[in-house]
Amino acid sequence: MNDFSGMDALYRDFILDHYRNPRNAGTLEGPDASFEDLNPLCGDKIRMDLKIRDGVVEDVKFKGRGCAISQASASLLTESIKGKKIAEIDAIGKDDVLSNLGISISAARLKCALLGLKVLKQALALKYETADEEPAS
Amino acid sequence: MALAPSSSPSLTQTDVARIRSEFPILKERPHGKPLVFLDSAASSQKPVQVIDAMDDYYRRYHANIHRGVYHISELATEAYEDARRKIARFIGASAPEECIYVRNATEGINLVAYSWGRTNIRRGDAIVVTEMEHHSNLVPWQILAQQTGASLRFVRVTDDGLLDLRDLDRLLDGAKLFAFTAVSNTLGTVNDVELLSARARAAGAVSVVDACQAVPRMPVDVGAWGCDFVAFSAHKMLGPTGVGIIWGRRELLEAMPPFLAGGGMIGVVRLESSTYAGLPARFEAGTPAIAEAVGFGAAVDYLTAVGMDRIHRYELELAEYALKRLGELKNVTVYGPGIDHRTGVISLTVGDIHAHDLATILDSEGICVRAGHHCNQPLMERLDVAATARASFYLYNTPAEVDALIAGIEKAKAIFKIA
């Protein structure tokens with residue numbers, strides 16, 4: 001084994017697999033919640049679409065471009081939220097995403113690792129804030 | 001790479017070894033590896049002469065300038081103005097007062113956009129910029145156009161990364177201002193400033209040159225360029241952050257209203273109105289970056305002593321060697337023109353490895369490159385690439401560091417399992 005000074009641990013096979021074969025890739029027609037954001041400093045971009053029924057995520061797709069860390073992290077995140085209740089997703093934090101990735105992320109790359117989570121949270125915030133403001137019918 | 005024989009106007013191995021010994025940071029060992037700094041296009045490292053000049057100012061003669069009648073204030077004023085004279089000589093300005101100290105090139109371009117632009121640009125006027133501009137030579141003109149009702153026209157970039165000049169006369173027809181870079185910060189493309197300035201002048205347009213990448217790496221003579229304004233930053237040419245220059249032709253500067261107002265830029269102040277100082281003080285409101293100006297002067301001394309012809313030649317040799325080595329690698333794409341039209345700034349991508357991942361892997365080897373869009377989003381769209389890694393060379397880099405870059409790229413390819 002070559003000495004890759006930790007880089008082979010960072011870019012381990014399953015990270016590269018999620019980067020090259022992202023799960024739940026694409027967009028949804030008529031999503032219940034959707035958001036797109038980018039990291040303006042580096043140009044990483046992620047859009048996430050969700051189908052939600054009875055407070056449960058039925059389907060999720062994401063579309064993005066960026067580094068292996070941001071794309072693999074978003075791919076892993078979509079896998080972990082399918083079938084989950086919104087309340088459970090609300091409880092997902094930074095540490096959950098990082099432990100899901102299972103690699104140690106430097107401060108400079110933290111934004112990449114967390115872009116997917118940020119987009120997901122904003123999609124949900126947008127949906128539920130808008131819903132709160134709608135008059136009860 | 002065979003370094004040039006001593007008769008050639010380049011740097012010898014001995015020169016470079018001496019130069020390297022004068023940059024304290026090059027002794028650092030990030031991640032336990034020798035520091036290979038290939039990001040001078042973003043900001044260069046500093047020789048001990050620059051650090052010492054600033055240190056000496058703070059230790060021995062710090063005082064505000066143009067204010068005190070006491071000895072150390074006179075010393076500070078003299079050092080600040082002496083640096084301006086050195087910088088003026090360095091770029092071939094006909095008089096020091098044509099060189100206005102600003103925070104950086106960005107502030108210099110904004111000074112022209114606000115002061116000259118808002119005085120001279122009217123609704124319906126045209127401003128011409130190029131597709132390869134750094135955001136700092138694009139966004140100020142967008143704002144000027146929005147606020148005045150002027151329109152923007154664009155010189156496009158060819159597939160080779162050169163300016164497409166076929167339409168230039170049509171674009172310049174009736175234009176009031178033409179803003180362009182002397183050297184692309186992403187592609188390393190060297191533009192023909194003399195030609196572009198002459199075409200602007202023939203069309204009656206004022207020319208604004210972003211010289212951030214040119215002044216550090218090639219001999220520059222603003223008189224020979226024949227342009228109207230030139231902006232550059234000290235920190236990219238061995239000097240400190242926080243100071244730069246906007247050079248302008250005297251008759252233009254003299255006709256311009258102040259940009260920032262306050263102390264130091266006034267003639268007579270009454271409660272209702274004031275008169276303004278002459279050049280350069282009119283554009284230098286408030287206490288300036290004195291230590292930084294002193295450091296800037298020391299940086300210019302350093303570059304002058306080494307010789308800009310030799311620095312330029314050496315950087316081209318490094319670039320040529322790097323392009324040759326990169327060309328031998330499979331799955332590596334290099335952007336920009338051939339060696340005849342470029343300088344030591346090289347943007348590249350490797351297979352499907354994102355530039356950030358490449359930069360992270362190179363960092364683990366102690367190699368510093370820039371990754372991303374390089375404040376050049378429209379150009380990246382033109383090249384149809386989301387991000388590139390950029391290696392840039394300067395007088396303290398070596399062929400061995402090019403080899404380290406190549407080895408780092410090989411390592412990244414191995415980790416990403418690319419042939």
Residue in region B:342-349 that is in a helix (DSSP H, G or I), of a type in the set (Lys, Arg) and within 25 Å of the chain's Cα centre (by Cα) present: no
Wholly enclosed strands (runs of 3 or more DSSP E) of region B:114-216 bearing at least 2 residues of a type in the set (Phe, Trp, Tyr) and at pLDDT 95 or above: B:175-181
Scan of region B:10-33 for residues that are touching a helix residue (DSSP H, G or I) at 6+ places or on another chain (Cβ under 8 Å), closer than 19 Å to B:LEU362 by Cβ and surrounded by fewer than 16 Cβ atoms within 10 Å (Cβ to Cβ), ordered by number: B:PRO30, B:HIS31
Count of residues meeting criterion [crowded, with 24+ Cβ neighbours inside 10 Å and in contact (Cβ under 8 Å) with a residue 60 or more places away in the chain] in region B:221-234: 7
Some residue of region A:72-94 being within 11 Å of chain B (Cβ to nearest Cβ) and either under 16 Å from the mean Cα position of the chain (by Cα) or more than 30 Å from B:LYS417 (Cα to Cα) (or both): yes
Qualifying residue in region B:341-361 (condition: surrounded by fewer than 20 Cβ atoms within 10 Å (Cβ to Cβ), in contact (Cβ under 8 Å) with a residue 12 or more places away in the chain, farther than 20 Å from A:ARG12 by Cα and touching a strand residue (DSSP E or B) at 6+ places or on another chain (Cβ under 7 Å)): yes
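Here's the yes/no breakdown for (1) within 14 Å of chain A (Cβ to nearest Cβ); (2) modelled with pLDDT of 95 or more; (3) closer than 12 Å to B:LEU38 by Cβ:
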| position | (1), (2), (3) |
| --- | --- |
| B:HIS312 | no, yes, no |
| B:ALA322 | no, yes, yes |
| B:GLY327 | no, yes, no |
| B:TYR335 | no, yes, no |
| B:GLY351 | yes, yes, no |
| B:HIS373 | yes, no, no |
| B:SER392 | no, yes, yes |
| B:TYR396 | no, yes, yes |
Tally, over region B:388-405, of residues that are over 20 Å from B:ARG342 (Cα atoms) and touching a residue at least 12 places away in the same chain (Cβ under 8 Å): 2
Evaluation of A:ILE46 against (1) within 14 Å of another protein chain (Cβ to nearest Cβ); (2) of a type in the set (Val, Ile, Thr); (3) assigned to a helix (DSSP H, G or I) (one fails), failing number: (3)
Qualifying positions in region B:188-206 - within 24 Å of B:PRO216 (Cβ to Cβ) and out of contact with any strand residue (DSSP E or B) (no Cβ under 8 Å at 6 or more places or on another chain): B:ASP192, B:GLU194, B:LEU195
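The values are calculated or read from the model by the stated rules, or taken from the named source; none is laboratory data. In this text, all values refer to a predicted model and were calculated from it rather than measured experimentally. Virtual Cβ from ideal backbone geometry, glycine too; neighbours counted across all protein chains shown.
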